[in-house]
Amino acid sequence: MSAPQQQTGAEQLDLATQRELATFIEQEQTKAKLQATIHDMTSMCWDKCVTSSIGARFSKSEGTCLLNCVDRFLDTSKYLVKHLEERRG
């Protein structure tokens, strides 16, 4: 007679725990994507707008450029999300 096989990993978890784990993983992936997006936006706007040496404050033009850059980035992101949702539906 052979010994019973041991279950490993997700097979040991009940259905509710598997769903909870899947939800947690999805949330963490969403957080990671958001952090990556923020990093990309920061790099892009910084490279575009900060043209002088770094001091205690941004120049007026740099501050305005950074605000506009972030606003346009967010507007574009919202537009793309809305457009993709419309295409799905």
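The values are calculated or read from the model by the stated rules, or taken from the named source; none is laboratory data. The structure presented is a predicted model; accordingly, all values stated were derived computationally and were not measured. Counting neighbours? That spans all protein chains shown, and the Cβs are built from the backbone with ideal geometry, glycine included.
Are any residues in the range 42-65 among the aliphatic types (A, V, I, L, M), assigned to a loop (DSSP other than H, G, I, E, B) and either more than 28 Å from the chain's Cα centre (by Cα) or surrounded by 12 or more Cβ atoms within 10 Å (Cβ to Cβ) (or both), and if so, which ones?
50, 56, listed by residue number.
For residue 77, indicate whether it is out of contact with any Leu (no Cβ under 9 Å at 6 or more places or on another chain), in contact (Cβ under 8 Å) with a residue 40 or more places away in the chain and either assigned to a helix (DSSP H, G or I) or surrounded by 10 or more Cβ atoms within 10 Å (Cβ to Cβ) (or both). It would help to see each step written out before you state the result.
Details: out of contact with any Leu (no Cβ under 9 Å at 6 or more places or on another chain): yes; in contact (Cβ under 8 Å) with a residue 40 or more places away in the chain: yes; either assigned to a helix (DSSP H, G or I) or surrounded by 10 or more Cβ atoms within 10 Å (Cβ to Cβ) (or both): yes.
Answer is yes for this residue.
Output the qualifying pairs, or none if there are none: Cβ atoms under 6 angstrom, residues six or more apart or on different chains, first residue in the range 38-51 and farther than 9 Å from residue 65 by Cβ, second residue part of a helix (DSSP H, G or I).
Matching pairs, first to second residue: 41/73.
Which condition from (1) in contact with a helix residue (DSSP H, G or I) (Cβ under 8 Å, 6 or more places away or on another chain); (2) at pLDDT 95 or above is the one that residue 50 breaks?
All conditions are met except number (2).
If a residue has to be modelled with pLDDT of 85 or more and loosely packed, with under 11 Cβ neighbours inside 10 Å to count, how many in the range 1-33 make the cut?
14
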